[in-house]
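The values are calculated or read from the model by the stated rules, or taken from the named source; none is laboratory data. Computed from a prediction, not measured in an experiment: that's the story for all the values here. Backbone-built Cβ (ideal geometry, glycine too); neighbour counts: all protein chains shown.
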Amino acid sequence: MAEHPAYPVGLRLTGRRVVVLGGGQVAQRRLPALIAAGADIHLVSPEATPSVEAMADAGEITWTRRPYADGDLADAWYALIATSDPEANTRASAEAERDRVWCVRSDDADRATAWTPATGHSEGVTVAVLTTNAKGRDPRHTAAIRDAVVAGLRDGTLVAPHHRTRTPGVALVGGGPGDPDLITVRGRRLLAEADVVIADRLGPRDLLAELPPHVEVIDAAKIPYGRYMAQEAINNALIEHAKQGRSVVRLKGGDPYVFGRGMEELQALADAGIPCTVVPGISSSISVPGAAGIPVTHRGVAHEFTVVSGHVAPDDERSLVDWAALARLTGTLVILMGVDKIGKIAETLIAHGKPAGTPVALVQEGTTATQRRVDATLATVAEAVRAEDVKPPAVIVIGEVVTVGPRTSA
């Protein structure tokens, strides 16, 4: 048998009896996939790991607390033999052979009638990798191949085009703070599958160079506005391309719903009957301070952090921020889009009782190769911005957490 390659097949085990012998680490690793497959799982073992016991307590498996006995595999479709008793394993595999039950044997693959492949999943696709035959089996090599294929599918470096008709629509993808490695794997995969990408200036620009030549890339800042305001023009571009049957990705910096107008775009698409998927992204409000060595919370220093848009000055009638309330907070204040208003913001916070010596850090171009950090206090931050020529995009952190860790600029 070992001279011939195994025949790969996908077992449909929903509602079908599966017997697992042994409740140790092997069972703990294998049971979740069998549960996900909807199998009717019967565990036979005198003992089990806490995780396996929790599955039994939750009703996901039926546990018979005793050693294997002849006949336990009756009416089974599939069996996993993984006890610590070699003699019991031998008897169980003989029963499986006699009753024509496909079985995996963890201690001796050569005596099994089935092998468990190294499996991984990516958006409705299961990747299963098997060694050609028992001779020279190398589980680590098999797992490495599995990992490479799944990683490629997830991040878009291994592109497998859909040949059946795809449903056109829009994905609002949060690209993260700027470093292309910080986009989610789902966001990267959707980018690789897109026909059109409408990108923000603050999105991870390096990812655009990796797109296939046929993908149309549109700079959202350069969309002709005509009689529309900027956001309306972007909304219309999303709708028009989707109505042409194209798969559209709206690539945004950070997270679509953190000062990203993602909901405005989603509502416009919904009104037009365009299906939309939202892919969350890593927000710069947390990631950029972290990249500069600043935790937004720290035990004994800050028990909360507040994220505020600083694009409107405190004395502007359009402002929705209660700056007086923010001045009374003892935690961390993170300000986005506030570089040109930081002088007025600092004055307002001080006027409402925030100590003038409160530490402030400005992190420009966070997570990118050009990241830099400028430290100041509320009293000196306006002058520091002028003297150091701090430009957007920059995240401003106000609070004692600025002085907690070692200063990091990269």
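Taking the criterion of being more than 30 Å from PRO180 (Cα to Cα) and not in a helix (DSSP H, G or I), the residues of segment 325-358 that qualify are LEU329, THR330, GLY331, HIS352, GLY353, LYS354, PRO355, ALA356, GLY357, THR358. Of all residues in segment 231-252, one or more are closer than 23 Å to ALA394 by Cβ, touching a residue at least 40 places away in the same chain (Cβ under 8 Å) and of a type outside the set (Phe, Trp, Tyr).
No other residue among ALA69, ALA56, ALA94 is over 28 Å from ASP138 (Cα atoms) and assigned to a helix (DSSP H, G or I) apart from ALA56. Residue count for segment 170-195 satisfying the condition of being crowded, with 24+ Cβ neighbours inside 10 Å and among the β-branched types (Val, Ile, Thr): 3. For LEU21, the stated conditions do not hold, so it cannot be described as assigned by TED's automatic domain parsing to the domain that holds ALA88, within 18 Å of THR64 (Cα to Cα) and under 27 Å from the mean Cα position of the chain (by Cα). Looking across segment 280-324 at every residue that is hydroxyl-bearing (Ser, Thr, Tyr), assigned to a loop (DSSP other than H, G, I, E, B) and touching a residue at least 60 places away in the same chain (Cβ under 8 Å), the one that is farthest from LEU190 (Cα to Cα) is identified as THR297.
Of the residues screened, PRO280 is one that is within 16 Å of VAL173 (Cα to Cα) and either surrounded by fewer than 13 Cβ atoms within 10 Å (Cβ to Cβ) or not hydrophobic (A, V, I, L, M, F, W, C) (or both). Among the residues of segment 312-330, the ones that are surrounded by 12 or more Cβ atoms within 10 Å (Cβ to Cβ) and either under 29 Å from the mean Cα position of the chain (by Cα) or of a type in the set (Ser, Thr, Tyr) (or both) come to 1 in all.
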